[in-house]
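J.: Pasting a structure below so you can have a look.
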Amino acid sequence: MNLQNIPQIKHTDSGNFFLLAGPCAIEGEEMAMRIAERAVSVTDRLKIPYVFKGSFKKANRSRIDSFTGIGDEKALKILQKVSKEFGVPTVTDIHTNEDAAMAAEYVDVLQIPAFLVRQTDLVVAAANTGKTVNLKKGQFMSPESMKHAVQKVIDCNNQNVMVTDRGTMFGYQDMIVDYRGIPTMQQFATTVLDVTHSLQQPNQMVGVTGGRPEMIETVAKAGIAVGVDGIFIETHFDPANAKSDGANMLHLDLFEGLMDKLVAIRQTINKF
């Protein structure tokens, strides 16, 4: 995938990793703009190619009373406003075939959730929009098996595809990152490491996913050290009160410091 095919993406000649970052879900305009403003400021200073991330709806939730969104069109319009206001591309998840064409009217990258990455019709619907497609590796899938999901996109005459490792199930209630999978997947696609989802602790009795946010820096540093192309991080200024995935998100106050460290590691890696 040529990163420059993503509209409005900047700093592609910097030698840096690229970044997909933002809140788990769009909770409202003010919060989205606040997070985007901070992320854009930091990534511009460090010359990190940046894509703002926000889910316009959360379809796969543990409980029926969990937050799913503020309304599809309302959330998508906020993503569009972020893009116009800050001059950055945006990415959002889709869950149904119908979502693909709708979301493609507002965002630049369509993301296929890990639970749904083997759904051929959904992957094809995303690919047929012509947008860049980000395929999340299923928690139950090997890195090698992701080449078939990638091929589905390519067979739709869309070369703009990346894969994202978001951890692998380790027992019933934990995730682990197998860094051997990064060079494996790089053989057939641009590869991203989803740091925050890799630190989830799913399937909790209470019906709310737990997490290990104190390990975000460790996992991110390791990903850069092994040469991953991109990093995916969910961040919020108040994770404790976020409406989705607060237990594993990076506090926005820690975002700049982490990016400084990751860029320093990348600069060192680039010398080899």
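The values are calculated or read from the model by the stated rules, or taken from the named source; none is laboratory data. No experiment lies behind these values; they were computed from the predicted model shown. Using ideal geometry, Cβ is built from the backbone for each residue, glycine included, and neighbour counts are taken over all protein chains shown. To get the accessible areas, we keep the full protein, side chains included, count just its heavy atoms, and leave off ligands, DNA and RNA. Shrake-Rupley method; radii C 1.70, N 1.55, O 1.52, S 1.80 Å.
J.: Scan segment 51-59 and tell me whether some residue there is of a type in the set (Phe, Trp, Tyr), without any contact (Cβ under 8 Å) to a residue 40 or more places away in the chain and buried (at least 16 other Cβ atoms within 10 Å of the Cβ). I'd like the intermediate steps shown before the answer.
T.: Residues of segment 51-59 of a type in the set (Phe, Trp, Tyr): 52, 56.
Those still in the list that are without any contact (Cβ under 8 Å) to a residue 40 or more places away in the chain too: 52.
Within this subset, residues satisfying the condition of being buried (at least 16 other Cβ atoms within 10 Å of the Cβ) are 52.
Yes: one or more hits.
J.: Is there any pair linking a residue in segment 18-34 that is open to solvent by 10 Å² or more (accessible area, probe 1.4 Å) to one that is among the basic types (Lys, Arg), with Cβ under 6 Å and at least six apart or on different chains, and which?
T.: Matching pairs, first to second residue: Glu27/Lys243.
J.: Which condition from (1) under 16 Å from the mean Cα position of the chain (by Cα); (2) open to solvent by less than 30 Å² (accessible area, probe 1.4 Å) is the one that Leu258 breaks?
T.: (1)
J.: Do the conditions hold for Phe170, that is, is it aromatic (Phe, Trp, Tyr) and buried (at least 17 other Cβ atoms within 10 Å of the Cβ)?
T.: Values: aromatic (Phe, Trp, Tyr): yes; buried (at least 17 other Cβ atoms within 10 Å of the Cβ): no.
Criteria not met by Phe170.
J.: Tell me which of these Asp229 doesn't satisfy, since it passes every other one: (1) in contact (Cβ under 8 Å) with a residue 24 or more places away in the chain; (2) open to solvent by 40 Å² or more (accessible area, probe 1.4 Å); (3) over 30 Å from Asn158 (Cβ atoms).
T.: In the conditions (1) in contact (Cβ under 8 Å) with a residue 24 or more places away in the chain; (2) open to solvent by 40 Å² or more (accessible area, probe 1.4 Å); (3) over 30 Å from Asn158 (Cβ atoms), Asp229 misses (3) alone.
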